[in-house]
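What follows is a short report on a single structure.
The values are calculated or read from the model by the stated rules, or taken from the named source; none is laboratory data. It should be emphasised that the depicted structure is a prediction, and the values quoted were computed from it without experimental measurement. Cβ coordinates were reconstructed from backbone atoms using ideal geometry, including for glycine residues, and neighbour counts include every protein chain displayed. Surface areas here come from the heavy atoms of the whole protein model, side chains and all, with no ligands, DNA or RNA. Shrake-Rupley method; radii C 1.70, N 1.55, O 1.52, S 1.80 Å.
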Amino acid sequence: MLFVSLDYVYTPSRDVAADARYLTDVLGGTLVFAIDAMGARVACVELTVGPPAIVLNDHVEGDRPILVYRVADLRAASGVLSERGWQAEHTLEIPQGPVTTFSSPGGQRLAIYELARPGVIETFAGRQEF
């Protein structure tokens, strides 16, 4: 299979702190981190023992979440998907490694990333800046 796992649901939020409190206080999730840096607020909440984690953020436009899938090799996966008619939108770096975003014809927002820096998310664990 091309996709390894759905690791994150990257969810736009109008109020990251309030949404994180709801996910933890009401739904019983675990706050991994809440970071306020570089003009953006981002909070990671785990609702299950395994992935996907919910990543609330106030810097992504729109209301639809981005489903972030891990692939073993971003370049190879991009090549396979391109041969199938896939069109990349943006390629950028996230703490874990390179990521490419795209949309399905139905408007679903997706991304694929390569875990080039394993363990980096654990360095954010416990940070609670809001």
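Could you check the stretch 1-14 and list, in sequence order, the residues that are in contact with a Pro (Cβ under 8 Å, 6 or more places away or on another chain) and either open to solvent by 20 Å² or more (accessible area, probe 1.4 Å) or not acidic (Asp, Glu) (or both)? So that I can check it myself, show each step before the final result.
Residues of the stretch 1-14 that are in contact with a Pro (Cβ under 8 Å, 6 or more places away or on another chain), as a first pass: 5-12.
Scanning the stretch 1-14 gives Ser5, Leu6, Tyr8, Val9, Tyr10, Thr11, Pro12.
Could you please find all residues in the stretch 92-130 being open to solvent by 40 Å² or more (accessible area, probe 1.4 Å), closer than 15 Å to Val71 by Cβ and either touching a helix residue (DSSP H, G or I) at 6+ places or on another chain (Cβ under 8 Å) or among the small types (Gly, Ala, Ser) (or both)?
Glu114, Ala116
Those residues that are without any contact (Cβ under 8 Å) to a residue 40 or more places away in the chain and not charged (D, E, K, R), I need them from the stretch 59-80; list them, please.
Here is the first cut: in the stretch 59-80, the residues without any contact (Cβ under 8 Å) to a residue 40 or more places away in the chain are 59, 75-76, 78-79.
Passing the criteria: His59, Ala76, Ser78, Gly79.
Considering only the stretch 1-14, state which residues are in contact (Cβ under 8 Å) with a residue 40 or more places away in the chain and in a loop (DSSP other than H, G, I, E, B).
Selection gives Leu2, Ser13, Arg14.
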